[in-house]
Amino acid sequence: MKPIARRDIVARSLRRQPVDRIPKGELCIEDDVVRSVLLTRQVAHRQRVEFAERLNLDLICLATAYGHRNSAQDLPTAEQADWPGIEKWAIDTDLFVFVLLDGAFSWGVKRWGIERFLLMLTRGAADIKPFLKQVETLNAALAHRASARGAMGAVIADDVAFYQGPLAAPETLRRFFFPSLARQTEACRNAGLAVFFHSDGDLNLLLDDIAAAGVDGLHCIEETAGMDLARVKNQHGEQLCLWGNLDPDWLTAKRDSKDIVDKVTQILHIGQTGGGFIFGTSSGLFKPMIPGQVELTYDTVHRFSPSGGGFD
């Protein structure tokens, strides 16, 4: 029997359909991690593909790179955007290809700074709605450009929370942010892309709003910020595919191998319930993660059998 393409396993998980193994991938992978795992100095597309194969990844997520901008205060244009190597990932591999897009909250913080932007949101400043429209127009254009070049999904990244809860009052976010997220999601869908929303922090007060925005899934599920994977799956597992949950501290601090395997297995047992789960860290892979622990983590996931609840 012909093996199922890795991108199809991700797609089935997005639809919360049965899979023969749990897909896995990261929001971002720093080149320093590729160097340390492959023991190489050079990191180009070939080495990144080799790294993905070494860890048996099922997806890749490409950050949006922008060319020259006239001012940091202005939003870039879609024509300035690039995703280096996107066609090669889409054509030469069977990985599911995501692109990472900054959302309205991220662009607002970049433009005005966190304190001023939060004050503008709270006061309903006149600049907010036109700015949101600009972000929506930009991301709609980016979604179509990325889709035309081979992307299959988009991750809209907006850190709207921290360890103690939302950065702005939920009512304020419901007035401005979530309607904009819904429109961005619809634009990505119209471009043929699946949509994940990413935010760090404690999102418990916002989970209903995230699901109502129409996204296919949620990335991060930050355990150290009070995000309990089992509870989130129980409340929203029928609406959202969940991706992430492993605290990066498990890969940056020296740990006993058995402890790592036990922790990863615990996440997998919870995540597999009802389908709709993609394994990953809550943050991505970055220096100074310990290469052997990164490989052990992903080998553990690869050997886990959802149907049997154990290892092949």
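Every number here is computed from the coordinates shown, using simple stated rules; none is lab data. All values reported here derive from a predicted model rather than from experimental measurement. Because the Cβ atoms are built from the backbone with ideal geometry, glycine has one as well, and the counts that use them run over all protein chains shown.
I want the local charge near residue 108. Using Cβ-Cβ distances under 11 Å, sum +1 for each Lys or Arg and -1 for each Asp or Glu among the other residues.
Net local charge, residue 108 excluded: 0.
With +1 assigned to the C-beta of every Lys and Arg and -1 to the C-beta of every Asp and Glu, and no other charges, what is the dipole magnitude of the range 6-311 about the Cα centre in debye, to the nearest 20?
Computed charge dipole of the range 6-311: roughly 420 debye.
Just from its helices, what would the mean residue ellipticity at 222 nm be for the chain, if runs of 4 or more DSSP H residues each count -39500 (n - 2.57) and the sum is divided by every residue, rounded to the nearest 500 deg cm²/dmol?
When only DSSP H runs of four or more count, the value is -12500 deg cm²/dmol.
Just to be sure I understand the model, the point goes 7 Å from the Cα along the line to the Cβ. What's the resulting residue 175 to residue 15 distance in nm?
4.1 nm
For Cα pairs less than 8 Å apart in space and 6+ apart in sequence, what is the mean separation divided by the residue count of the range 201-285, i.e. the relative contact order in percent?
34 percent
To check my understanding: the extent here is largest minus smallest coordinate of the Cα atoms along each principal axis. What are those three numbers for the range 105-196, in Å, largest first?
Answer, in whole Å and largest first: 39, 29, 21 Å.
Under 24 Å Cα-Cα from residue 88, which lysines qualify once same-chain neighbours fewer than 8 residues away are excluded?
2, 24
Calculate the spin-label point distance for residue 263 paired with residue 31, positioning each point 7 Å from the Cα along the beta-carbon direction, and give it in nanometres.
2.9 nm
How large are Rg and Dmax for the chain when only the alpha carbon atoms are used, in Å?
19.0, 60
Using the alpha-carbon atoms, what tilt in degrees (0 to 90, nearest 10) does helix 291-303 show relative to the longest principal axis of the chain?
Compared with the principal axis, the helix lies near 80 degrees.
If each of residue 189 and residue 122 carries a label point 7 Å out from its Cα toward its Cβ, how far apart are those two points in nm?
Once both label points are built, they end up 3.4 nm from each other.
Comparing 52, 143, 154, which has the greatest mean-square fluctuation in the GNM of the chain with Cα pairs linked when under 10 Å apart?
Top of the fluctuation ranking is 52.
I want the local charge near residue 30. Using Cβ-Cβ distances under 12 Å, sum +1 for each Lys or Arg and -1 for each Asp or Glu among the other residues.
0
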